[in-house]
Amino acid sequence: MSQEELLGAIGDGDTVIDIGSGTGFFTDDMAIRAEKVYAVDFQEGMHEFYREKGVPKNVELVLSRAAQIEIEHADVIVSILSLHEIDLEKALATFQKVLGPDGRLIVIDWSQNAETDDIPPREKLYTAASAAEAVSEFFEVLEAEERYNTFKLVAKAKQQ
């Protein structure tokens with residue numbers, strides 16, 4: 001996902017949750033446009049590296065698994081190259097609660113259809129179609145497309 005595409009998916013003033021933020025590579029881009037970014041990762045070592053690198057003022061580091069986040073509200077939840085690492089079934093219910101009725105879920109992850117073997121184990125991965133099916137209970141899928149070695153999914157929270 002390019003910086004332009006990522007920034008285009010985030011509105012000025014949005015509150016964003018970056019699931020699997022790692023060292024903040026994409027989080028830094030989100031912080032350019034968002035009012036607040038919660039950088040969620042379950043490995044403290046990632047947050048330590050991010051602190052050493054420098055965390056933007058509007059980014060808050062959150063040590064948590066995706067299904068256990070305790071953030072009250074967000075406009076956008078982004079998961080870049082980390083969907084395969086989370087307990088998706090449990091996380092989706094949490095995501096739906098956190099997102100408002102117009103909240104968006106944006107996912108970029110390795111595709112099970114990738115042409116390279118330099119990826120996480122295929123049995124942990126989704127395709128655009130299987131990810132869309134998995135999220136459809138809680139989200140209205142707006143876009144699900146295969147890309148070169150990855151897929152992109154954009155969904156809107158369903159009314160509860």
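What do you reckon, is I10 hydrophobic (A, V, I, L, M, F, W, C), in contact with a strand residue (DSSP E or B) (Cβ under 8 Å, 6 or more places away or on another chain), open to solvent by less than 30 Å² (accessible area, probe 1.4 Å) and modelled with pLDDT under 95?
On the way: hydrophobic (A, V, I, L, M, F, W, C): yes; in contact with a strand residue (DSSP E or B) (Cβ under 8 Å, 6 or more places away or on another chain): yes; open to solvent by less than 30 Å² (accessible area, probe 1.4 Å): yes; modelled with pLDDT under 95: yes.
Yes.
Does any residue of the stretch 136-150 turn out to be assigned to a strand (DSSP E or B), open to solvent by less than 80 Å² (accessible area, probe 1.4 Å) and among the aromatic types (F, W, Y)? Scanning the stretch 136-150, I find at least one residue that is assigned to a strand (DSSP E or B), open to solvent by less than 80 Å² (accessible area, probe 1.4 Å) and among the aromatic types (F, W, Y), so the answer is yes.
In the stretch 37-127, counting only strands (runs of 3 or more DSSP E) that sit wholly within it, none holds 2 or more residues that are open to solvent by 70 Å² or more (accessible area, probe 1.4 Å) and farther than 24 Å from D12 by Cβ. Scan the stretch 151-160 residue by residue and report those that are more than 15 Å from the chain's Cα centre (by Cα) and either loosely packed, with under 13 Cβ neighbours inside 10 Å or modelled with pLDDT of 95 or more (or both). Result: Q159, Q160.
The values are calculated or read from the model by the stated rules, or taken from the named source; none is laboratory data. Please read these numbers as outputs of a predicted model, since none were measured by experiment. Using ideal geometry, Cβ is built from the backbone for each residue, glycine included, and neighbour counts are taken over all protein chains shown. To get the accessible areas, we keep the full protein, side chains included, count just its heavy atoms, and leave off ligands, DNA and RNA. Shrake-Rupley method; radii C 1.70, N 1.55, O 1.52, S 1.80 Å.
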